[in-house]
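Below is one structure, written out as structure tokens; the observations come after it.
The values are calculated or read from the model by the stated rules, or taken from the named source; none is laboratory data. For clarity, every value in this text was computed on a predicted model and none was experimentally measured. Quick reminder, even Gly has a Cβ in these numbers, built from the backbone with ideal geometry, and neighbours come from all protein chains shown. Keep in mind that these areas ignore ligands, DNA and RNA; they rest on the heavy atoms of the full protein, side chains included. Shrake-Rupley method; radii C 1.70, N 1.55, O 1.52, S 1.80 Å.
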Amino acid sequence: MTVAIDQDVVVIGGGIAGLSAAIAAAREGADVRLVSRNETTLRHASGLIDVLGYVHEDGPVVDPFDAIEKLPAHHPYRRVGVDAIREGLATFDDVTGDSYRGGHTDANALVPTHGGTIKPTARYPATSAAGLASDPRETLLVGLERVPDFDPGVAADRLSAAEVPFETRAATVQFPIAVRDDAKVTRFAHLLDENDPVEVDGTTVSLRRALAEAVAPSLGDAERVGFPAILGEDHPDAVRADLEAVLGADVFEVPMGPPSLPGLRLEALLYDALEAAGAHFEVGSPLVDFDADEGTVSTVYLDRSGQRIPMTADQFVLATGGLASDGIEADREAVTEPLFDCHVPHPDDRYDWFEDDAFGDHAFARFGLQIDDDLRPLDATGDPEFSNLRAAGAVLGNYDLAAEKSGSGISLATGVAAGRAAAEDTS
């Protein structure tokens with residue numbers, strides 16, 4: 001007979017929302033277990049923490065908190081309120097410490113990305129701090145011949161077209177150690193972490209010094225140098241410091257697509273905080289079923305290597321993501337939440353789910369759960385689906401995270417709020 005695992009709070013989902021909820025609940029003294037069927041998607045994210053970058057057709061938002069009142073009444077931010085947004089960011093700042101910047105102001109920072117676009121964001125890695133678009137210093141963008149995802153010439157041209165207040169130039173150099181053409185960016189990061197000696201023109205120097213010396217002839221008058229975000233996974237500060245010592249210029253990372261080193265570093269910080277808070281976590285065991293009695297979830301069942309494992313708790317938090325993460329599912333007939341079968345409002349006619357214009361205001365972008373002020377998912381009549389189930393993050397509806405650039409902020413705000421509320425309801 002399989003003995004049930006008993007917790008105060010079970011959090012389902014391992015992204016920013018789930019991790020925030022689990023950390024918050026554990027810090028309130030609850031016995032918490034986070035379960036996730038897959039590794040977190042943070043390794044596919046930029047590592048930037050967006051609170052609110054755009055509202056409607058307006059330009060980039062300067063201060064997200066000034067723009068909250070412009071959002072629809074059922075938007076998740078309007079549900080939880082400004083205080084919850086600040087509490088989510090405060091938890092993030094505490095967890096990440098000196099690894100992130102932006103906490104000194106409510107205003108968004110403007111961070112250049114690998115495509116040459118400028119992203120308004122509330123928190124950004126310290127490794128990117130010297131590269132802000134508001135900084136007028138002349139900039140050199142450096143590409144590596146075997147890192148095809150970053151074309152410094154294209155990025156420099158697009159930044160110039162955006163009329164940034166600084167001159168931008170580009171250079172591409174050979175990485176000092178031969179790597180395979182299909183090497184992942186993590187391979188470059190690990191080599192820079194290790195910093196083994198290499199031979200250059202008959203002289204033996206460290207790998208980091210060799211890379212800096214390859215860039216130096218292109219430096220000119222640039223006071224800062226941007227590299228693709230590959231400057232170490234475990235020791236990024238040391239890598240940048242060594243490059244800066246040779247170049248005599250500030251070094252920063254340009255956020256990249258997946259796999260993302262800033263995302264991997266953030267994942268490590270969040271899981272370290274989860275462990276430090278005393279929470280348990282289990283990755284790779286999908287939730288396959290649940291029991292409920294009179295509107296209260298009593299047990300969830302995990303599939304652990306083919307074995308059905310019961311897990312009981314007083315409170316549950318659902319943070320499984322949206323359509324992209326299968327936390328919300330859609331077929332030709334309907335849109336559903338697959339774990340607890342919570343109600344997902346959507347038009348009956350699937351042709352009303354989208355617009356003809358590829359960049360139009362698509363209804364499907366806002367599909368997700370409706371919640372009450374206590375973050376409990378609502379059924380079709382507007383009543384809570386379950387008294388002890390809360391939801392957080394991209395599984396929620398009524399917002400377009402891609403258009404708004406609000407995904408991380410909503411995950412933090414609703415995750416921390418759901419985790420704290422769940423912990424309170426166990427006492």
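Among the listed values [x] 76, 51, 41; [y] 58, 47, 33; [z] 70, 50, 40, the one computed from these coordinates for Cα extents along the principal axes in Å is [x].
Largest to smallest in accessible area, the residues 376, 304 fall in the order 304, 376 (1.4 Å probe, all protein chains included). The three principal axes of the Cα atoms in the range 318-425 give end-to-end lengths of 46, 29, 20 Å, sorted in falling order.
Phi angles of the range 293-306 translate, via the Karplus equation with coefficients 6.51, -1.76, 1.60 and θ = phi - 60°, into HN-Hα couplings of 9, 6, x, 10, 6, 10, 9, 10, 10, 9, 9, 10, 6, x Hz per residue; Gly and Pro are given as x.
As an exercise, take the mean of 1/r over every pair of distinct alpha carbons in the range 150-235, invert it, and state the Kirkwood radius in angstroms.
So the Kirkwood estimate lands at 14.5 Å.
How charged is the neighbourhood of residue 276? Take every other residue with its Cβ under 13 Å from the Cβ of residue 276, and add Lys/Arg as +1 and Asp/Glu as -1.
-2
Rounded to whole Å, the principal axis extents of the Cα atoms in the range 1-152 read 65, 44, 28, largest first.
Compactness check for the range 202-354: Cα Rg over 2.2 N^0.38 Å is 1.65. Taking all protein chains in place and a 1.4 Å probe, what share, in percent, of the accessible surface of the chain do carbon and sulfur account for? C and S atoms contribute 46 percent here. From the alpha carbon centroid of the range 30-80 to that of the range 366-420 is 11 Å. Note on residue 424: accessible area is roughly 120 Å² with a 1.4 Å probe, heavy atoms of protein only. DSSP assigns beta bridges within the chain; of those with both partners inside it, close to 45 percent run antiparallel. Using the Cβ of residue 108 as centre and a radius below 14 Å, the other residues enclosed give a net charge of -2, where K and R count +1 and D and E count -1. Taking every protein chain into account, the accessible area of the range 286-427 amounts to 45 square angstrom per residue (probe 1.4 Å). Each residue was assigned an accessible area with a 1.4 Å probe, and for residue 350 the value is about 70 Å².
Determine the sum of side-chain charges near residue 26: Lys and Arg each +1, Asp and Glu each -1, restricted to other residues whose C-beta is under 10 angstrom from that of residue 26. Overall, the nearby charge balance is -2. From the phi of every residue in the range 198-214, what ³J(HN,Hα) in whole Hz does the Karplus formula 6.51 cos²θ - 1.76 cosθ + 1.60 yield, where θ is phi - 60° and glycine or proline is x? These are the phi-based 3J(HN,Hα) values: 10, 9, 10, 6, x, 10, 8, 9, 6, 4, 4, 5, 4, 5, 4, 5, 5 Hz.
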